[in-house]
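The values are calculated or read from the model by the stated rules, or taken from the named source; none is laboratory data. The structure presented is a predicted model; accordingly, all values stated were derived computationally and were not measured. Note: ideal-geometry Cβ built from the backbone for every residue, glycine included; neighbour counts use all protein chains shown. These area figures cover heavy atoms from the full protein model, side chains too; ligands, DNA and RNA do not enter into them. Shrake-Rupley method; radii C 1.70, N 1.55, O 1.52, S 1.80 Å.
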Amino acid sequence: MADPSTYRPRTGEIPEQPGVYRFSDPHGRVIYVGKAKSLRQRLNSYFADPAGLHPRTQQMVFTAASVQWTTVATEVEALQLEYTWIKEFDPRFNVKYRDDKSYPWLAVTVGEEFPRVQVLRGPKRKGTRYFGPYSHAWAIRETVDLLLRVFPVRTCSAGVFKRAGQVGRPCLLGYIDKCSAPCVGRVSADEHRAVVDDFVDFMAGDAARFVRRLEGRMRDAAKTQDYERAARLRDDIGALQKALERNAVVLPDATDADVFALAEDELEAAVQVFHVRGGRIRGQRGWVVEKVEDVSTPDLVERLLQQVYGGEDAGAATGTVPREVLVPTEPTDLPEVVQWLTARRGSRVDVRVPQRGDKRSLMDTVAGNAKQALALHKTRRAGDLTTRGLALQELQEALALPEAPLRIECYDVSHLQGSDRVASMVVFEDGLPRKGEYRTFNVRGDHGEDDTAAMREVLQRRFRRYLEDREQAGDLEMGPDPEDEDAVVGPGAIDPTTGRPRRFAYPPQLVVVDGGAPQVAAAGAALADLGVADVAVVGLAKRLEEVWLPDDDHPLVLPRTSQGLYLLQRLRDEAHRFAISRHRSRRTKGMTASELDAVPGLGPARRKALLDAFGSVRAVRQADADAIAEVKGIGPALAQAVVSALAPAGRVPAPGEAKAGEGDGPGAGQGVDMATGEILGA
C-alpha cells in the first residue's frame with residue numbers, strides 16, 4: 001500500500017472551487033469518486049491525519065497512489081459529473097445501489113402507427129409511455145388481461161401483426177373481442193389510437209371517468225331492455241374495479257410521488273421505495289448496499305437519488321421523475337439536488353421529509369419494509385462481510401502472500417475431444433465476482449487434448465496484454481495537462497483511442513487455475529517466460545480439493561471449514577461454468593455453419609435471401625452467376641464471388657461461365673475484385 005504523503009498534492013495547487021475528485025490505485029484504476037463545494041478543504045481532510053480517518057476511508061487513502069480533480073462552475077454540475085464518473089469507472093470504494101433484478105414496466109408504444117401494450121425491462125425507449133415499475137411481470141399481465149375487455153388494444157408482436165394482415169385473419173384475441181384487430185382493418189388507425197389514449201388515461205389515474213361512462217351506458221341499455229349488452233357492460237365495470245383494487249389508494253388522486261425509506265447499521269443499509277401514481281401504489285423496489293465508504297444518512301439519501309434518477313433514461317418517459325420525492329432525511333446538498341431533479345423532469349420537483357398525515361403514515365410503512373428487508377438480508381448472508389475478509393486473510397497466510405489478494409483471476413479450459421477449445425477468465429475483487437471483467441479466449445494453437453499447453457497459451461496472451469497496456473499506460477498523463485490548469489493527473493490506464501479503461505492493465509495478486517501440478521507448472525512457466533514475478537499462482541485439483549503451488553512436490557491441504565478454500569472453490573466453479581457456456585455457444589455456432597459463411601461481402605441478410613431464392617446451398621452451387629445476380633441485394637461481382645467460393649477445389653470459374661465446374665477457369669489461388677468483378681491472379 002502507498003503512503004498518502006507520497007502523492008499528496010500541495011495545498012496551493014488545489015483550487016477552492018467546487019468540483020469532483022477521484023483517487024486511483026498504482027495501476028491507474030479509479031477506486032473512489034467524490035464531489036466537494038471546496039476541493040481544497042475536502043482533499044486536505046484526507047491527508048491531514050490519515051490515522052484519524054474512518055477505517056474504510058483510511059483503507060482507501062492507503063490503497064490509492066494518486067488523486068486527480070476537475071473543477072466545475074456549480075455544485076449541480078458537480079453532482080452530475082460525480083454520477084457520470086461513478087457509472088464510468090465503477091470504483092470499488094463508492095457506495096452503489098444495485099438491484100438483483102431488472103424491474104418490469106407496463107409499456108405502451110405510443111410512437112407507432114398501431115400502438116402496442118407490452119411488458120418491458122431495461123432502458124427506456126423513445127416514443128413509449130411507461131407505467132410502473134411492478135414487482136412481477138405476471139402482475140402486469142393480469143392487469144392488462146382485465147383491461148382488454150374494456151380497452152381492446154393491440155398486444156401482439158410486429159411479426160404476428162404482419163402475418164395476420166397477410167392472411168386476413170386476426171389472432172385469438174381478435175376473435176374473443178380482447179383486441180380490436182387493426183391488423184385486418186376491423187378498426188382504422190385513428191379508431192385504435194382513440195382506444196389506446198383511453199387505456200393510457202386510465203393507467204395514468206383517470207379511472208373514475210371511465211367507470212361513470214360505463215355505468216351510464218349500462219343504465220341506458222337496461223332502459224331499452226337490451227339486457228345482454230347491459231350484462232356485458234356490468235362485467236366490464238367489474239373488470240375495471242378489479243384492476244383498480246390491485247393498487248391500494250394511499251394518497252389523494254392527484255398525488256405522484258416516490259417514497260423512500262432506509263434501515264441501516266454500521267456495515268449495510270437497506271432501501272425501499274414505493275412508487276405512487278395517481279394516489280395508488282403502482283410498484284415497489286428494494287436494494288441492500290454495503291457501506292464501503294464512511295457515509296452518513298444524508299449522504300446515503302443523496303447517492304440514492306443520484307443513482308435512481310441519474311440514468312440516461314431517467315427523463316425519457318413521462319413520470320419517471322415524479323412531482324414529489326419523499327425521503328427519511330434531507331440529502332446533504334438539498335438545493336442542488338432539487339435543482340438537478342427539476343432539470344431532469346422539466347418541471348418543479350419537491351424533495352422533502354413528511355412530518356404528519358397520510359404521507360407520514362406511508363413513510364412509516366415503507367420504513368417497516370426496509371427494516372424487514374435488512375433483517376432478511378442479514379439472515380441470508382450472516383457474517384458475509386466478515387467471512388470474505390477472513391477468506392482473503394486465510395489465503396494470504398496460507399500462500400505466504402505479501403498482501404491480501406484483493407483481485408483474483410481464475411482460468412479454465414473447455415473443449416470436446418480437442419475441438420472448439422475455449423478458455424475462461426473470471427475475476428473476483430474483494431471476494432465478490434466482478435462479471436464486467438470476465439473474458440473468454442479462443443485457443444489458437446493446435447494443442448489436441450493437451451490442456452496444459454492451452455493454459456500456457458492463454459496466460460501468456462493475457463499477461464502479454466497486461467505488459468503492453470502497462471507500458472503504454474505509463475506514458476499517459478504523466479503530468480498536468482497544459483490546457484487544463486485545474487486538473488492534476490497521475491499515471492493512468494485509459495486507452496486514448498477509445499477513452500475506455502485498458503481492461504488488461506490491472507494485474508491480479510493471485511492467479512488460480514483449474515487443475516493440479518501439471519496445470520500449475522504450465523501457468524507458472526507462462527508467467528516466468530514473460531518476466532512476471534509479482535503474481536502468485538495456485539491450482540485447485542478437483543479430486544481432493546488440494547491446492548498446488550509451482551515447484552512444490554506436495555499439495556497444500558486447507559481445512560474443509562476454511563473460508564479461503566470455499567472462496568477458491570467458488571472461483572473454480574464459476575470459471576468452469578463460464579468456460580462451458582462459451583464452449584457450447586461456439587460449438588452450436590459451428591454446427592450451423594454454412595459454406596456461404598466464407599464468401600466475403602455476403603452477410604446474414606444476403607445469405608438468407610440466397611437460400612430463400614434457391615432453397616439450399618446445393619441449388620446455389622448449381623446456379624450460374626447471372627442467376628445468382630438476380631437475387632435482390634446481390635450484384636454481379638458478389639454473384640461471381642459466390643460461384644467461386646462454391647466451385648470445386650482448385651479452380652475459380654470465370655465471369656459468365658454457365659455452371660461451376662464446367663470449362664477451364666483461372667487456377668487455384670486466384671480471387672475476385674469486388675469492385676470490378678475481375679479475376680485477380682495469385
Using a 1.4 Å probe and counting only protein heavy atoms, arrange 35, 126, 87 so the residue with the most accessible area comes first. 126, 87, 35
Please give the FRET efficiency for residue 56 paired with residue 121, using the beta carbon to beta carbon distance and R0 = 35 Å, rounded to the nearest 0.05. 0.55
So between residue 330 and residue 219, what do we pick up on full extension, going 0.36 nm a residue minus the alpha carbon distance? 34.8 nm
Given a Förster distance of 45 Å, report the FRET efficiency between residue 546 and residue 371 from their Cβ-Cβ distance, rounded to the nearest 0.05. 0.50
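Just check the stretch 598-648 against the gyration tensor rule for me: Cα atoms, a ≥ b ≥ c as the square roots of the eigenvalues, rounded for a/c under 1.5, and otherwise prolate or oblate depending on whether a/b exceeds b/c.
On the way: a/c = 1.20, a/b = 1.06, b/c = 1.13.
Cα axes put the stretch 598-648 in the rounded bin.
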Given the Cα-Cα distance of residue 73 and residue 553 and 0.36 nm per residue of separation, how much length would full extension add, in nm? 166.5 nm
Could you please state, rounded to a whole Å, how far the C-alpha centre of the stretch 157-229 is from the C-alpha centre of the stretch 15-30? 58 Å
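Gain in length, residue 364 to residue 212, computed as 0.36 nm per residue apart minus the alpha-carbon separation, to one decimal in nm?
51.3 nm
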Enter the Cα centre distance for the pair the stretch 44-79 and the stretch 509-563, rounded to the nearest angstrom. 38 Å
Could you order the peptides 367-374, 268-275, 639-646 from most to least packed, using the average number of other C-beta atoms within 10 Å per residue? 639-646, 268-275, 367-374
Give me the one-decimal nm value for the distance between modelled label points at residue 432 and residue 339, 7 Å along each residue's Cα-to-Cβ direction. 3.3 nm
Evaluate the distance, in nm, between pseudo-label points positioned 7 Å from the Cα of residue 158 and of residue 176 along their respective Cα→Cβ axes. 2.8 nm
At R0 = 41 Å, FRET efficiency that the Cβ-Cβ distance of residue 566 and residue 464 yields, to 0.05: 0.80
